[in-house]
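The values are calculated or read from the model by the stated rules, or taken from the named source; none is laboratory data. Since this is a predicted model, take the numbers as computed values, not measurements. No Cβ is skipped: glycine too gets one built from the backbone with ideal geometry, and neighbour counts run over all protein chains shown.
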Amino acid sequence: MSRVLVIGLDGGTWKLLKPWIESGELPALKSLIEHGFYGYLKSTIPMFTPTAWSSFMTGMNPGKHGITGFIVYDKRLGRPVVASSLNRRGEEIWITLSKHGKRVIVINVPMTYPPKPVNGILISGFPSSSKGFVYPPELEPWLKRMGYQVQATIEYEEGREEQFVRSIRDLTRKRGEIALKLLREHPWDFFMVVFTGTDRLQHALWKFLDNQHPRYDSSRAPRYRQAILDYYKELDGIVRDLVAEAGPNTYVIVMSDHGFGPLYKFIHVNEWLIKCGFLRLKNDFSTRLKQALYTLGLTPENLYYFMSRLGVASARRRLGRARGHELLSKLFLSFRDIDWEHTLAFSLGSMGQIHINRRGVGGLRAYLRLRRYIVKLLKELSDPESGEAVIEEVFVKEQIYQGPLMYKMPDVIFLPKPGYVAFEEYEFASNRVFSPSKTISGTHRLYGILIISHPSLRGPVRLEPPPKIEDLAPTILTLLGVPVPRAMDGTVIKVNAFNAKRPRS
């Protein structure tokens, strides 16, 4: 029976990989393509790390697994909280494989904290705690002695690129070392490791890869383009070692959760909703004071930019998402300051998600009328500097989701045009609808990468049309001879050397 090795390159994109593979810079990835199938992999909408990886591991659309971002709204607490693996519905493929007696090793897949029991080893990915991040728990002291970290503690700061790149490379090198050791010393049928340094480097340094970027610096671009290439070359060496150690009877899958491209400006959705009259704030003293400071420019976005200029932005990562959000909500406008009785719509999470407040709207006809009006206004939204429309596509939830958790899904979802992103990780990040991205310079795109390789396969063969990220779970189960659960939305990727599609259990 074959084994399956999955290597995740978070945010991996053919825009970078294709020319480097063709020029011979990444021989391991080139060899995998020559013995297999490759192409684009369609992410989820929103094309967001927690959403996409949740769809990968469950084979389900967000309407079934319920994850659309790092933040979920806790009705009991009356505020947003950081999502975890416990918020996700559906069964992850390593749980399904474990139930069928397969040995699994899973390393650093985002949204797996806290780790669930498996037949093997599961080391959680971010967001995670530094304690209780591994199953079985007896492995945690060994990992700490080995110097394992879930993520780098250094944030990107302008002028400190060298330190940032070095921290990402050190983290990746250590992750590769530990992955190779576990792969060699423990039995497995399914092995998976995700490298997130690709995503972090591209968010921070994309401006050095794109000479059309408004923040492109021709004097420094060659240096940091080479730094990114050097990182990928080292990662290619890790891929080579993992594939060699896995042995000849192993299917190798290299994939990303989404693609990547340039970022010029943020769209602040809740500020737009305030200006449109859909979102109202309370009229109490605390909220009025926060709003006055917000209007003057005391915003989380400006605070973070100021911290970056001072070289203390990494304090945010050390503080953690949950504690950081709690602190910000005391100082700045937050969901606690919304007048829910008179609010019709709000944005929660990133990547263009708008929820309609059904309590404030009324019946179904009023709801549908308001939704159509929001869609219309979004299609008309333009950048005040250029005058050009900034929205590429707008969806209502029935167009892209289905399942028992539809009530949790955003009512309207939009994809901005390249160069823009709707980023609302914090509820009221800016007092402007559009603001230039002064820190990160790259963001997510809908199509990532996929390579499926085996020594017996003849390649390269292009996968057309692009598979969806939900298709990988049933494909992996089929390769390992495990029935595909009926709840999965994905379908087995049909390539000529794979087994025939198996009946669903």
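Okay, residues lined up against (1) under 19 Å from the mean Cα position of the chain (by Cα); (2) modelled with pLDDT under 95:
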site: Ile95; (1), (2): no, no
site: Pro117; (1), (2): no, no
site: Ile123; (1), (2): yes, no
site: Lys131; (1), (2): no, yes
site: Val134; (1), (2): no, no
site: Pro137; (1), (2): no, no
site: Pro141; (1), (2): no, no
site: Tyr148; (1), (2): no, yes
site: Val165; (1), (2): no, no
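Of the residues Glu398, Glu427, Glu385, Glu393, which single one is in a strand (DSSP E or B) and of a type in the set (Asp, Glu)?
On the way: Glu398 fails: in a strand (DSSP E or B); Glu427 fails: in a strand (DSSP E or B); Glu385 fails: in a strand (DSSP E or B).
Of the residues listed, the single one that is in a strand (DSSP E or B) and of a type in the set (Asp, Glu) is Glu393.
Determine which member of the set Arg309, Arg288, Arg317 is part of a helix (DSSP H, G or I), over 30 Å from Val394 (Cα atoms) and modelled with pLDDT of 75 or more.
Numbers: Arg309 fails: modelled with pLDDT of 75 or more; Arg317 fails: modelled with pLDDT of 75 or more.
Only one candidate qualifies: Arg288.
So which residues in the stretch 112-146 are in a loop (DSSP other than H, G, I, E, B) and closer than 20 Å to Ile67 by Cβ, if there are any at all?
Those that are in a loop (DSSP other than H, G, I, E, B) and closer than 20 Å to Ile67 by Cβ: Thr112, Tyr113, Pro114, Pro115, Lys116, Val118, Gly125, Phe126, Pro127, Ser128, Ser129, Phe133.
In the stretch 92-114, how many are surrounded by 22 or more Cβ atoms within 10 Å (Cβ to Cβ) and on the phi > 0 side of the Ramachandran plot? Give the derivation first.
Kept after step one, since they are surrounded by 22 or more Cβ atoms within 10 Å (Cβ to Cβ), are these residues of the stretch 92-114: 92-94, 96-97, 102, 104-113.
Then drop every residue that is not on the phi > 0 side of the Ramachandran plot, which leaves 108, 111.
The total comes to 2.
For (1) in a loop (DSSP other than H, G, I, E, B); (2) buried (at least 23 other Cβ atoms within 10 Å of the Cβ); (3) of a type outside the set (Asp, Glu), each residue gets a yes or a no:
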position: Gln402; (1), (2), (3): yes, no, yes
position: Ser435; (1), (2), (3): no, no, yes
position: Lys438; (1), (2), (3): yes, no, yes
position: Ile451; (1), (2), (3): no, yes, yes
position: Ser456; (1), (2), (3): yes, no, yes
position: Asp471; (1), (2), (3): no, yes, no
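Considering only residues that are at pLDDT 95 or above and touching a strand residue (DSSP E or B) at 6+ places or on another chain (Cβ under 7 Å), which ones fall in the stretch 356-368?
Once the filter is applied, which keeps residues that are at pLDDT 95 or above and touching a strand residue (DSSP E or B) at 6+ places or on another chain (Cβ under 7 Å), the stretch 356-368 yields Ile356, Tyr367.
Go through the stretch 170-199 and report how many residues are surrounded by 18 or more Cβ atoms within 10 Å (Cβ to Cβ) and more than 20 Å from the chain's Cα centre (by Cα).
We begin by selecting, within the stretch 170-199, every residue surrounded by 18 or more Cβ atoms within 10 Å (Cβ to Cβ); these are 171-172, 175-176, 178-179, 182-183, 188-199.
This time we only want the ones that are more than 20 Å from the chain's Cα centre (by Cα), so: 176, 178-179, 182-183, 188-191.
Summing the residues that are surrounded by 18 or more Cβ atoms within 10 Å (Cβ to Cβ) and more than 20 Å from the chain's Cα centre (by Cα) in the stretch 170-199 gives 9.
Just need a number here: residues in the stretch 167-225 that are in contact with a strand residue (DSSP E or B) (Cβ under 7 Å, 6 or more places away or on another chain) and part of a helix (DSSP H, G or I).
Selection size over the stretch 167-225: 9.
Does Tyr447 qualify as being closer than 24 Å to His35 by Cβ and either surrounded by fewer than 19 Cβ atoms within 10 Å (Cβ to Cβ) or at pLDDT 95 or above (or both)? Let's see the steps before the verdict.
Details: closer than 24 Å to His35 by Cβ: yes; either surrounded by fewer than 19 Cβ atoms within 10 Å (Cβ to Cβ) or at pLDDT 95 or above (or both): yes.
Against the criterion (closer than 24 Å to His35 by Cβ and either surrounded by fewer than 19 Cβ atoms within 10 Å (Cβ to Cβ) or at pLDDT 95 or above (or both)), Tyr447 qualifies.
Among the listed residues Arg458, Arg445, identify the single one that is of a type in the set (Lys, Arg), touching a Phe, Trp or Tyr at 6+ places or on another chain (Cβ under 8 Å) and farther than 19 Å from Ile7 by Cβ. Spell out how you get there, then give the answer.
Details: Arg458 fails: touching a Phe, Trp or Tyr at 6+ places or on another chain (Cβ under 8 Å).
Answer to the check: Arg445.
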